[in-house]
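Visitor: Structure incoming, see below.
Please treat every number below as a calculation from the coordinates, not as lab data. Because the structure is a prediction, the values reported are computed rather than measured. Cβ: placed from backbone, ideal geometry, glycine included. Neighbour counts: every protein chain shown.
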Amino acid sequence: MTPEELRSRAAQVRSREAAYAESFRVCTAESCLSLGSRALLHAIEGELESRELAERCRVKPVGCLGLCAQGPLVAAELRRGHGAEERSHLLRTVRAEHAAALVDGLDGSFDPGLELPVDLPFFEKQLRIATENCGRIDPHELDDAIGAGAYEALLQALYEKTPADVLAEVERSGLRGRGGAGYPTGLKWRTVAKNTATPRYVVCNADEGDPGAFMDRGVLESDPHRVLEGMAIAAYAVGASAGYIYIRAEYTLAEQRLRRAISQAEGAGLLGKAIGATPFEFNVELRLGAGAYVCGEETALLTSIEGNRGQPRPRPPYPAEEGLFGKPTLINNVETFANVPPIVRRGGDWFASIGTGKSKGTKVFALAGKITNTGLVEVPMGTPLREIVFGLGGGIPDGAAFKAVQTGGPSGGCIPAAYLDSPVDYETLASLGSIMGSGGMVVMDEHTCMVDVAKFFLAFCRDESCGKCVPCRVGTVELHGLLERFSRGEAGVHDLSLLEELCDLVKSASLCGLGQSAPNPILSTLRHFGDEYRAHLEGRCPAGVCTMRREGSS
Amino acid sequence: MTQRPPDAPAPPSDDARWKRIVATLRRLGHRPQSLIEGMHAVQNEFGYLEPAALRYLAELLVVPLAKVHGVATFYHHFTMRPPTRHTCVVCLGTVCHIKRGPAILAEIEKRYGVGAGATTADGSLSVVEARCIGACSLAPLVVLDGETIGPTTPEEVRERLDSCIAKTEGEPPRDA
């Protein structure tokens, strides 16, 4: 497909879309699906059919609409009369039995019990780049994605830019890795491009394993073509012709949608051989993870693609020099690739104008835990934590008091109320003893015990340690055992210093990121919630979560 | 494309499911690096990896059997036990953990006498714990025979389990 063909196809799709006076978009991402959105979709279709309205009102399955807590979600677009302004409505907790009421509401008056206010801060305060098409397009249809501008940036790159131009654009954007560590994306690309060895590979890390994180799942289930386009642009920039997407086996829906998207894009000449009718070739294959958290670490992931046990290896050499099958390999996370097409389309300077000094652009966060508006949000870097938790997130339900927000999964830490006004960017979170991580934000209230939380993460790291290096394999077991003593009220003062000492050892001596960051949940809770540890020494659990063997004095 | 030697081993049985697995392996080109994909193919069809299947993969892909075993046991997703009639995955990710997911596991243990990673004596139910399936808006949640249920309570899970086990009582286990 040439750029002209792509443009005319996009125009066709848009005019087809415009022929409908009204439309319903029904969320069919995992969360809403398991709340019954498939039946709802069919019920609305049936209702429109029986009232002979199918010609004027479109029903479209879409990806994540964001506010998962209120699912199943339906977005309605109404255009009253010719040329009139389009009005959007968002409807929540819609069940199949509401289908008739929904169709009744096409005159603009939906059941107030179902309708969400349009000016909800949850939506108002977002700036969507990586997720701009999530919830707008049908993730099953290539045409729908093309109508929304998919593959425009890829063909623009192939026809109007050299690989060096694309690279320079990405460098100028200031984009940093969205998987957690925040390594400058342009620098990584340049290292691969500079390498003279061939073949080179582009790998997408979709092994989203941090508990409490579901951003990549949202993007893959809602807009799979976006990720493929980002990968293809990267392949063009670094001179690769083959790529892999390593995706969690648990993400069945995302996997199916990706497989379908790959074959659609290949069929349309937008992936595979002769992309955009140019000599550029890029083939993508899927590789399924098999339930090993450590495979989210880049060298372990590559080892797993090679068919081995997913154990990491020392770096250097970095994958950019010697990666998959010993060849130069560019490995980025799903969200990083999803940011690439807009950067190519709108320029690196535009992207760099969003965000803070060293953290450019936006970040997608998965809000969950003791928070009213569970769901996916995308906000500019530097947005204060308070705004995310209390503005977009709607605060803590049931009148409970905020205690901490946990970011970065098992590699991250807990940030207390005193730092709620800190801007969310890579440097600030690191200075607070946590990390940006992949974007999971788990909110905790007064009923959560921080020692118990630390113990939870250590149990996780203990189970997921691959066993290759001793500090991590043995250290995580010992750390967990120590925390167990705290939560049973058996720990003594010397255990506190032992805990700190052991954290330092595991952090400094482990081979890969899993072990090096495993002590973070302990270190950050010790730093911000030291009182709770000391209370446990006295046999008290302030949150009332831990069952103490001996009763405290208070 | 295929590197399969002329004397490639025959699948362990003439079960029709092997035809699909063989086709997948052929598409992947019988390379040693296709081992994990091959295991996925076998487990998709049979529900588990039986010893004969592991030996077959070892021979076909020319990978030492010890390594095949190493890979099969490294990854949590692969199982070497035949599936039971019902599987209940209890999510214990961060969000489920602070929303009292462990109470669900305790309730199942109280009612059926099996904890995470175990199977009831009559082989009707396996309980599996998961560290976050990425559907945190539904926390706490379980996945019962592939269906995600959440937000749920220990009582609801017990009732759902009771009724689905009662329905299939006396039937042979799946794929047996």
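Visitor: Just going by the charge dipole of the stretch B:86-167, with Lys and Arg at +1 and Asp and Glu at -1 on Cβ, which of B:Ala103, B:Ser124, B:Ile149 is farthest out on the positive end?
Guide: Sorting the options by dipole projection puts first B:Ala103.
Visitor: Could I ask something else about it? Output wanted: per-residue J couplings in Hz (rounded whole) for the stretch A:502-512, from phi through Karplus 6.51 cos²θ - 1.76 cosθ + 1.60, θ = phi - 60°, x for Gly and Pro.
Guide: Values, residue by residue: 5, 4, 4, 5, 5, 5, 7, 10, 6, 6, 10 Hz.
Visitor: While we're here: Any chance you could give the angle, 0 to 90 degrees and rounded to 10, that helix A:3-18 forms with the longest Cα principal axis of chain A?
Guide: With rounding to tens, the tilt is 90 degrees.
Visitor: Assigning unit charges at the beta carbon (Lys, Arg +1; Asp, Glu -1) and nothing else, what dipole magnitude in debye, to the nearest 20, does the stretch A:302-445 show about its Cα centre?
Guide: Once rounded to the nearest 20, the dipole reads 240 debye.
Visitor: Filter the GluC sites (Glu not before Pro) in the stretch B:14-88 down to the DSSP loop ones having no more than 12 other Cβ atoms within 10 Å, then list what survives.
Guide: Values: sites: B:Glu37, B:Glu45, B:Glu59; in loops: none.
Filter output for the stretch B:14-88: empty list.
Visitor: Rounded, prolate or oblate, given the Cα gyration tensor of the stretch B:16-74, with a/c below 1.5 counting as rounded?
Guide: Verdict is oblate for the stretch B:16-74.
Visitor: Pull out a ≥ b ≥ c, the square roots of the eigenvalues of the alpha-carbon gyration tensor of the protein assembly as shown, then state rounded if a/c is under 1.5, prolate if not and a/b is larger than b/c, and oblate in the remaining case.
Guide: rounded
Visitor: Next question. Less than 14 Å apart at the alpha-carbon level, and either on another chain or at least 8 residues along: which aspartates and glutamates does that give for A:Lys273?
Guide: By straight Cα distance, A:Lys273 reaches A:Glu281, A:Glu285.
Visitor: Ignoring the sites themselves, what is the longest stretch of chain A with no GluC sites (Glu not before Pro) in a DSSP loop and at most 10 other beta-carbon atoms within 10 Å?
Guide: Working: sites that count: A:Glu52, A:Glu55, A:Glu85, A:Glu551.
It runs A:86-550.
Visitor: Let me ask another. Once amide H atoms are placed 1.01 Å from N in the peptide plane, what residues at a sequence separation of 5 or more from A:Tyr183, or on another chain, have their amide H within under 5 Å of its amide H?
Guide: Correct list: A:Gly177.
Visitor: Can you put B:Thr153, B:Thr94, A:Thr383 in order of Cβ neighbours within 10 angstrom, beginning with the fewest?
Guide: Ranking B:Thr153, B:Thr94, A:Thr383 by Cβ neighbours within 10 Å, fewest first, gives B:Thr153, A:Thr383, B:Thr94.
Visitor: Give me A:Arg200, A:Arg313, A:Arg217, A:Arg386 ranked fewest to most by other Cβ atoms within 10 Å of their Cβ, as a rough exposure proxy.
Guide: The most exposed by this proxy come first: A:Arg313, A:Arg386, A:Arg200, A:Arg217.
Visitor: May I pose another question? I need to check one value: relative contact order of the stretch B:16-74, counting alpha carbon pairs closer than 8 Å and at least 6 residues apart, in percent.
Guide: 32 percent
Visitor: Right, here's the next one. Helix-only mean residue ellipticity at 222 nm, the protein assembly as shown, DSSP H runs n ≥ 4 weighted -39,500 (n - 2.57), per residue, nearest 500. What is it?
Guide: -12500 deg cm²/dmol
Visitor: Another one. Hey, got a sec? Which chymotrypsin sites (Phe, Trp or Tyr not before Pro) in the stretch A:261-328 land in a DSSP loop and have at most 10 other Cβ atoms within 10 Å?
Guide: Filter output for the stretch A:261-328: empty list.
Visitor: Only bridges with both residues in the protein assembly as shown count here: give the DSSP antiparallel percent, nearest 5. Please list the in-between numbers first.
Guide: Working: 39 of 72 bridges.
Bridges in the protein assembly as shown are about 55 percent antiparallel.
Visitor: Could you size up the charge dipole of the stretch B:64-176 around its Cα centre, putting +1 on the beta carbon of Lys and Arg and -1 on that of Asp and Glu, and report it in debye to the nearest 20?
Guide: 380 debye
Visitor: Determine, for A:Ser34, A:Ser109, the number of other Cβ atoms within 10 Å of each Cβ, and report the residues in order from fewest to most.
Guide: Fewest-to-most Cβ neighbours within 10 Å comes out as A:Ser109, A:Ser34.
Visitor: Turning to a different aspect of this structure: Enumerate the amide H contacts of B:Val128 below 5 Å, restricted to partners 5 or more residues apart or on another chain; note that Pro and chain-start residues carry no placed amide H.
Guide: Distant-sequence amide H within range of B:Val128: B:Cys88, B:Val89, B:Val90, B:Gly117.
Visitor: Listed here are the pairs A:Lys358/A:Lys403; A:Lys403/B:Lys110; A:Lys468/A:Lys507; which of them are more than 26 Å apart at the Cα?
Guide: Checking Cα-Cα distances, A:Lys358/A:Lys403; A:Lys403/B:Lys110 exceed 26 Å.
Visitor: Counting DSSP beta bridges with both partners in the stretch A:18-118, what percentage is antiparallel, nearest 5?
Guide: Here the share of antiparallel DSSP bridges comes out near 70 percent.
Visitor: Pop out the ³J(HN,Hα) list for the stretch A:349-360 in order, Karplus 6.51 cos²θ - 1.76 cosθ + 1.60 with θ = phi - 60°, rounded to Hz; leave Gly and Pro as x.
Guide: So the J values, rounded to whole Hz, are 5, 4, 5, 5, 7, 9, x, 10, x, 10, 10, 9.
Visitor: Further question: How far is helix A:185-194 tilted, in degrees, relative to the longest principal axis of the Cα atoms in chain A, given as a value from 0 to 90 rounded to the nearest 10?
Guide: Between helix and principal axis, roughly 80 degrees.
Visitor: What's the magnitude of the charge dipole for the protein assembly as shown around its Cα centre, counting Lys and Arg as +1 and Asp and Glu as -1 at the beta-carbon? Answer in Debye, nearest 20.
Guide: 1540 debye
Visitor: May I ask you to evaluate 6.51 cos²θ - 1.76 cosθ + 1.60, the Karplus curve with θ = phi - 60°, for each residue of the stretch A:255-267 and list the ³J(HN,Hα) values in order in whole Hz, giving x for glycine and proline?
Guide: 4, 4, 5, 5, 4, 4, 4, 4, 6, 5, 5, 5, x
Visitor: According to a simple spin-label model (label point 7 Å from Cα along Cα-to-Cβ), what is the distance in nm between A:Thr278 and B:Ala8?
Guide: According to this spin-label approximation, the distance is 3.7 nm.
Visitor: Any chance you could run the full-extension gain for A:Arg259 through A:Val493? It's 0.36 nm times the residue separation minus the Cα-Cα distance, nm to one decimal.
Guide: Details: separation 234, 0.36 × 234 = 84.24 nm, distance 5.52 nm.
78.7 nm is the gain from fully extending A:Arg259 to A:Val493.
Visitor: Hey, can you grab everything whose amide H is under 5 Å from the amide H of A:Tyr201? Only 5+ residues off in sequence or another chain; H modelled, so Pro and N-termini drop out.
Guide: Counting only residues 5 or more places away or on other chains, the set is A:Thr329, A:Leu330.
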